[in-house]
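The values are calculated or read from the model by the stated rules, or taken from the named source; none is laboratory data. Please read these numbers as outputs of a predicted model, since none were measured by experiment. Positions of Cβ are backbone-derived with ideal geometry, glycine not excepted, and every protein chain shown enters the neighbour counts. When the accessible area is computed, the model is the full protein with side chains, heavy atoms only, and any ligands, DNA or RNA have been set aside. Shrake-Rupley method; radii C 1.70, N 1.55, O 1.52, S 1.80 Å.
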Amino acid sequence: MTSSERVAEIDLDALRHNIRHLRDVAHPARVMAVVKADAYGHGALPVARAALEAGAAWLGVAHISEGVALRKAGIEAPILAWLHTVRSDFTAGVEHGLDLGISGWELEHVAAAARELERPAIVHLKIDTGLGRNGCPPEQWESLLSRAVAHQEEGLIRVVGIFSHLAVADEPTRPETDLQVQAFREAVAAAENAGIDVEVRHLANTPATFSRPDCHFDLVRVGLGIYGLSPFSDQGSADLGLRPVMTLSTTVSNCKEVPAGQGVSYGHGYRTQKPTTLGLIPVGYGDGVPRIATGGPVLVGGRIYPVVGRIAMDQCVIDFGTTGLAGSPDSPLGKRAVLFGGADSPPVEDWAAAAQTINYEVVTRIGDRVERVYVEARQEAGDGDGA
Ligand SMILES: *Cc1c(COP(=O)(O)O)cnc(C)c1O
């Protein structure tokens, strides 16, 4: 299928399926596909296009620069960018028609850019309902609203949205989410009282989209779910009706017989118990495979082998647990090695567990040395080409 030595295969049909499924789950709220951080490592532009084709109404990014890149590539759908610094290019954001999330100080920068361009900026005001990160503190909300209304009356901005972000939605029984919903409703009511015509209220991320319909409001901002992954520790992709989008694979790049007592990789943290065959897997932390994830699973020839010894920058090792493979007609040398994703392969959550992290981080950090290969229409063939 590909000659690439290290491949993150991105199944755009799975992505479209996930978008359609999330649309159903969120209905009648609409879907914002969050494509920040290069679409969680999946490739922002192809993901954005496929998401829009499948009915996502909005795109979400963290940085203005991420949104501008999508505009320059021809994406015309609404794009919201919500994380800024005093060095952000607000002028570019307004010029390219991005929607801008505003938590406080940014408002004056955005208004200045709009004045300079003689073009109103579209803004969504962000209230901190309890996450304690970005967002306007509740005590300052009235003041932010009145400044926003003044700028709106001057024609510099148009406030179309009110939003906030949840802290513990991946643990649906925790009470903090109730408090956040309540605070959000109050913030929306205050905005309406201040004379703002709120078109889109949005609060839910992926976990809240699945577990808290009371958080859907007009729009849900879904990232992880569109990539087919579950935010919950007790439910996998299939339990949520999702299909994982990324499959990470390479080929076994060396295979050799070693005696008992062979130390493996830096530090000799692993020693073979008996004579065995080792396989070399040519990905490491330079490709985004976490260094601490010793024990992470690798599928070769229909069986799963854990990584033994330390993961290095470029490579790691599996122990086939049997002798005589090297040089035999059955040699694993050159066989496909799948780390995660795809049918019958380990789920990315196994790598997340080995790395003491979450699936979000594993896929997002897969690096540039791994080629993204986009696959299409595997499930939706059957339009008569007879292949
Ligand atoms: C990243 C992000 C999201 C998406 O979160 P998921 O859990 O991946 O769905 C939504 N909203 C904001 C503000 C974010 O930063």
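Applying both filters, DSSP loop and at most 11 other Cβ atoms within 10 Å, to the GluC sites (Glu not before Pro) of the stretch 93-122 gives GLU118.
Residues whose amide H comes within less than 5 Å of that of TYR374, counting only those at least five positions distant or on another chain, are ILE10 (H built at 1.01 Å from N in the peptide plane). Counting only protein heavy atoms, what percent of the accessible surface of the chain is carbon or sulfur at a 1.4 Å probe? Reported share for carbon and sulfur atoms: 49 percent. What do you get when you divide the Cα radius of gyration of the stretch 246-381 by 2.2 N^0.38 Å, with N the number of residues? Compactness ratio reported: 1.05. The stretch 84-131 and the stretch 172-236 have their alpha-carbon centroids 22 Å apart. Angle between the Cα long axis of helix 12-26 and the longest principal axis of the chain, 0 to 90 degrees, nearest 10? Result, in degrees: 40. Each Lys and Arg Cβ is given +1 and each Asp and Glu Cβ -1; about its Cα centre, the chain then shows a dipole of about 1120 debye. DSSP beta bridges confined to the chain are antiparallel in about 45 percent of cases.
Excluding ligands, DNA and RNA, the accessible surface per residue across the stretch 142-285 is 42 Å² with a 1.4 Å probe. Think of the chain as a dipole: +1 on every Lys or Arg Cβ, -1 on every Asp or Glu Cβ, centred on the Cα centre; then among CYS136, ILE19, THR294, THR294 lies furthest on the positive end. With springs only between Cα atoms under 10 Å apart, run a GNM on the chain and tell me which of VAL363, VAL222, VAL375 wobbles the most. Per the Cα network of the chain with a 10 Å cutoff, VAL375 tops the list. The residues of the stretch 303-363 expose on average 47 square angstrom of accessible surface per residue, using a 1.4 Å probe on protein heavy atoms. Close lysine pairs were tallied over the chain: pairs 8 or more places apart or on different chains with Cα atoms under 20 Å apart number 4.
What the Kirkwood sum gives for the chain is a hydrodynamic radius of 22.7 Å, with every pair of different alpha carbons counted. A simple charge model with +1 on the Cβ of Lys and Arg, -1 on the Cβ of Asp and Glu and nothing else charged puts the dipole of the stretch 246-381 at about 400 debye relative to its Cα centre. Which angle between 0 and 90 degrees, to the nearest 10, do you get for helix 106-117 versus the longest principal axis of the chain when only C-alpha atoms count? Long axis of 106-117 versus the principal axis of the chain: about 70 degrees. Quick check: from the Cα gyration tensor, does the stretch 12-232 come out rounded (a/c under 1.5), prolate or oblate? The shape class here is oblate. A simple charge model with +1 on the Cβ of Lys and Arg, -1 on the Cβ of Asp and Glu and nothing else charged puts the dipole of the stretch 94-235 at about 200 debye relative to its Cα centre. A dipole drawn for the chain from +1 and -1 charges on Cβ atoms has a positive end, and of ALA62, GLY334, THR177 the residue lying farthest that way is GLY334. Each of VAL149, TRP105, GLY93 was placed along the dipole of the stretch 19-152 (beta-carbon charges, centred on the mean Cα), and the one lying farthest toward the positive end is GLY93. The SER143 and HIS268 beta-carbon pair, evaluated with R₀ = 41 Å, returns a calculated FRET efficiency of approximately 0.10.
Axis of helix 138-153 versus longest Cα principal axis of the chain: the two differ by about 60°, to the nearest ten degrees.
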